[in-house]
Amino acid sequence: MSDLLQLMIAPFVASMVLVALLAYLGVHVIAREVIFVDLALAQMAALGSTAALLFDVAPNSATGYAFAFSFTTVGAFVFAMTRTAGGERRIPHEAIIGVVFVVASAAAILVADRAPHGADVIKEVLVGSILWVTWPTIVRLMIVYAAIGAAHWLLRRRFMTISLRPADAETQSWNVRWWDFLFYVLFGVAITMAVPVAGVLLVFTFLVVPALVAFLFTRETRRLIVISWSCSAIALALGLAVSFRFDLPTGPVIVCTFGLVLLMAGAVRRMVAT
């Protein structure tokens with residue numbers, strides 16, 4: 001047990017820091033029906049990190065993060081400007097998000113072909129390195145995520161209304177595209193910080209699965225967040241324990257554990273409904 005705690009405490013704390021914000025953002029993502037926006041912004045960040053190599057900039061340096069964030073900002077601008085009201089929508093927003101993801105993926109492959117160690121960066125973006133996360137990285141992540149969380153708290157009325165009740169936002173004559181751009185910029189910062197630590201697969205899992213579990217049982221904002229955080233803590237503890245016990249890759253095990261928790265929550269919801 002002591003070996004388990006010593007090896008897994010840092011990954012567990014890092015994962016819970018990520019979940020604390022990403023599970024909350026997942027509520028917005030599910031409500032907005034932009035499920036794959038995380039993958040698209042993560043791929044834009046990967047493109048920025050790979051492009052940094054062309055200028056001999058390490059992806060994990062401050063300048064490397066600036067490259068990644070600048071590319072996610074472009075994605076945030078595209079997503080905000082292409083949002084339309086329900087009656088005006090000719091192309092699903094998710095289709096635009098998919099196009100951004102595909103183009104960013106193709107561009108990252110092309111850049112990686114010309115950049116030194118480009119293939120290694122692409123691989124690291126996909127799988128991350130959650131098992132080897134360091135405490136200084138965790139502290140840095142906590143500071144940035146606390147700042148993003150504070151911004152969301154101050155702007156919660158605008159963000160929640162636009163996500164959960166978009167018709168109300170339109171009737172109040174808010175500049176929805178501007179608020180969307182700000183939302184996606186903050187979202188991009190969270191993704192830019194999370195992907196080097198956890199990888200695309202784990203970040204997507206943290207973002208979507210807890211929110212899906214919560215939406216199975218409630219639509220009330222506070223309960224959504226509490227359920228998201230609670231099921232995440234259970235899934236993380238179980239996934240890390242299984243990974244340690246059977247010497248399996250940590251990230252994929254956690255993803256599968258979250259999938260199992262979602263299935264169990266669905267079964268419980270069906271039993272309660274009958």
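Quick look at the values:
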{"quantity": "Of Val99, Val34, Val208, the one that fluctuates the most in a GNM where the chain has Cα springs shorter than 10 Å", "calculated": "Val99"}
{"quantity": "Projected label distance in nm at Met160 and Ile143, using a 7 Å step from Cα toward the beta-carbon", "calculated": "3.0 nm"}
{"quantity": "Spacing of the two label points (7 Å from each Cα toward its C-beta) at Ala237 and Gln172, in nm", "calculated": "3.8 nm"}
{"quantity": "Top of Thr50, Thr82, Thr73 by mean-square fluctuation, Gaussian network on the chain, Cα under 10 Å", "calculated": "Thr82"}
{"quantity": "Stokes-Einstein D for the chain, Kirkwood Rh over Cα pairs, 37 °C, 0.692 mPa s (µm²/s)", "calculated": "171 µm²/s"}
{"quantity": "Helix runs (DSSP H) in the chain reaching 18 Å along axis by Cα, Kyte-Doolittle at least 1.0", "calculated": "2-32, 37-53, 62-81, 93-114, 135-154, 176-215, 221-246, 250-273"}
{"quantity": "Protection proxy ranking of 17-30, 245-258 - average other beta-carbon atoms within 10 Å, highest first", "calculated": "17-30, 245-258"}
{"quantity": "Approximate spin-label separation Ile109-Met81, in nm, with each point projected 7 Å along Cα-to-Cβ", "calculated": "2.7 nm"}
{"quantity": "Length gained when the stretch Val226-Glu94 is fully extended (0.36 nm per residue, less Cα-Cα span)", "calculated": "44.8 nm"}
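No lab work stands behind these numbers, since they all come straight from the coordinates. As the structure is a prediction and not an experimental result, all values here were calculated from the model. Neighbour counts run over all protein chains shown; Cβ positions are idealised from the backbone, glycine included.
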